[in-house]
Amino acid sequence: MDAGEISPEDREKIVRSDVKFQERIVPESLEENATKYQDISASEYQPKAIIPWHHRIRSSGDVDINTHIIETALDQTSLSLKPCIQTTKGFITNLSNQQQVLDMLVETGVDQCFIWVEGLDKRDTGQDTYEKITRFVKAVSDAGIDPHFYYADYFGTMLHHAGLSGVTYGTMWGEEGEETVEGTSGGGALSRYYVPQMKDFLKIPATVELQQLADAPMCDCRVCSNQFDSWIDLAEREEDDDENIQTPIKKHHLVTRYKQIREVEDQDLGETIDECREDFNEYVSPFNAANQISPSKKVDYLPIWVNAIENELN
Ligand SMILES: [Zn+2]
């Protein structure tokens with residue numbers, strides 16, 4: 001539903017009932033099942049924050065609609081609000097648009113928000129866009145508002161240094177909002193392995209070839225070290241049984257992303273930049289030499305991220 005196409009009165013009704021629903025859903029179901037969960041006090045299970053309905057921002061008018069939604073939600077609840085800024089690269093890279101969104105957050109008095117920039121795809125986003133987004137995240141954080149990315153790849157992890165407090169990711173999530181995960185002809189999900197040095201997914205045969213060309217030891221995460229003896233073993237296991245490979249490689253993705261996030265949190269900006277540069281320098285030749293990787297696939301997003309972050313934050 002487009003919040004811009006309905007009357008302000010109807011919009012308020014929807015926002016109010018949505019806030020009530022989020023406030024009450026967990027405590028109420030606990031109360032209803034009180035015999036099952038006797039030791040649990042339902043009031044402790046109030047959500048920490050409400051995510052109000054949001055309206056995709058493509059114009060100044062859309063910012064006004066979101067202001068109305070946030071103000072209506074604030075009137076309705078004593079809980080914190082965590083509004084979602086869903087916007088496009090075209091809108092949010094304009095600096096006066098950034099200011100307008102920032103003013104909305106400051107004036108409504110929220111202290112946290114989600115940011116969802118549509119189409120922030122590493123193969124389709126230039127350095128200038130990454131710079132402007134870094135600038136926006138920093139401005140939000142500098143204003144005392146905790147920003148959190150809705151969809152994010154490793155660039156979002158690096159934005160920790162701009163004040164980003166977290167990124168959402170998971171087995172069922174693409175790394176950007178519009179991504180659809182390719183299916184195989186058999187109907188299953190395509191087996192993609194998260195290559196930590198590339199900060200991206202590759203198909204398993206491509207992963208194995210690349211890691212062999214790079215002379216990299218087998219991934220030492222707790223999932224891979226339990227499951228696979230070597231890169232060849234990973235490739236053979238996929239050939240034998242491409243369904244049962246899905247669970248370990250999804251778990252590998254989760255633990256590897258988690259580890260990368262913790263590492264970046266423990267590093268200063270210079271260390272994060274140096275590491276990303278080193279990974280690029282080490283992997284660019286093997287990447288370009290690998291037969292299993294399409295020549296149209298590029299790895300220049302790594303230096304683009306590094307340059308954007310360095311230009312804005314150094
Ligand atoms: Zn692993």
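The set of residues in region 78-94 being buried (at least 18 other Cβ atoms within 10 Å of the Cβ) and either outside any strand (DSSP E or B) or touching a Gly at 6+ places or on another chain (Cβ under 6 Å) (or both) consists of Lys82, Pro83, Lys89, Phe91, Ile92, Thr93.
Is it the case that region 132-147 has a residue that's within 17 Å of the chain's Cα centre (by Cα), surrounded by fewer than 19 Cβ atoms within 10 Å (Cβ to Cβ) and outside any helix (DSSP H, G or I)? Yes: one or more hits. The residues listed here are Thr256, Thr247; of these, the one that is β-branched (Val, Ile, Thr), within 15 Å of the ligand (Cβ to nearest atom) and at pLDDT below 95 is Thr247. Exactly one residue out of Leu254, Leu269, Leu313 is outside the structural domain of Val208 (by TED's automatic domain parsing) and more than 14 Å from Lys122 (Cβ to Cβ), and it is Leu313.
Residue-by-condition table, conditions (1) surrounded by 17 or more Cβ atoms within 10 Å (Cβ to Cβ); (2) at pLDDT 95 or above:
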site	(1), (2)
Tyr151	yes, no
Ala162	yes, yes
Thr171	no, no
Thr184	no, no
Arg192	yes, no
Asp241	no, no
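Under the condition of being more than 9 Å from the ligand (Cβ to nearest atom) and either touching a Phe, Trp or Tyr at 6+ places or on another chain (Cβ under 7 Å) or among the hydroxyl-bearing types (Ser, Thr, Tyr) (or both), the residues counted in region 220-234 number 2. Count of region 194-209 residues, restricted to those that are in contact with a strand residue (DSSP E or B) (Cβ under 7 Å, 6 or more places away or on another chain) and either more than 15 Å from the ligand (Cβ to nearest atom) or part of a helix (DSSP H, G or I) (or both), is 3.
The rows are residues; the columns are (1) more than 20 Å from Gly109 (Cα to Cα); (2) acidic (Asp, Glu); (3) part of a loop (DSSP other than H, G, I, E, B); (4) touching a residue at least 40 places away in the same chain (Cβ under 8 Å).
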position: Glu9; (1), (2), (3), (4): yes, yes, no, no
position: Ser17; (1), (2), (3), (4): yes, no, no, no
position: Glu28; (1), (2), (3), (4): yes, yes, no, no
position: Ala34; (1), (2), (3), (4): yes, no, yes, no
position: Asp62; (1), (2), (3), (4): no, yes, no, yes
position: Ile69; (1), (2), (3), (4): no, no, no, yes
position: Leu74; (1), (2), (3), (4): no, no, no, no
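The numbered conditions (1) touching a residue at least 60 places away in the same chain (Cβ under 8 Å); (2) within 23 Å of Ser141 (Cα to Cα) are all true for Leu79 except (1).
The values are calculated or read from the model by the stated rules, or taken from the named source; none is laboratory data. If you're wondering where the values come from, they're calculated on a predicted model, not measured in any experiment. Methodologically, a virtual Cβ is constructed for each residue, glycine included, from the backbone with ideal geometry; neighbour enumeration extends over all protein chains shown.
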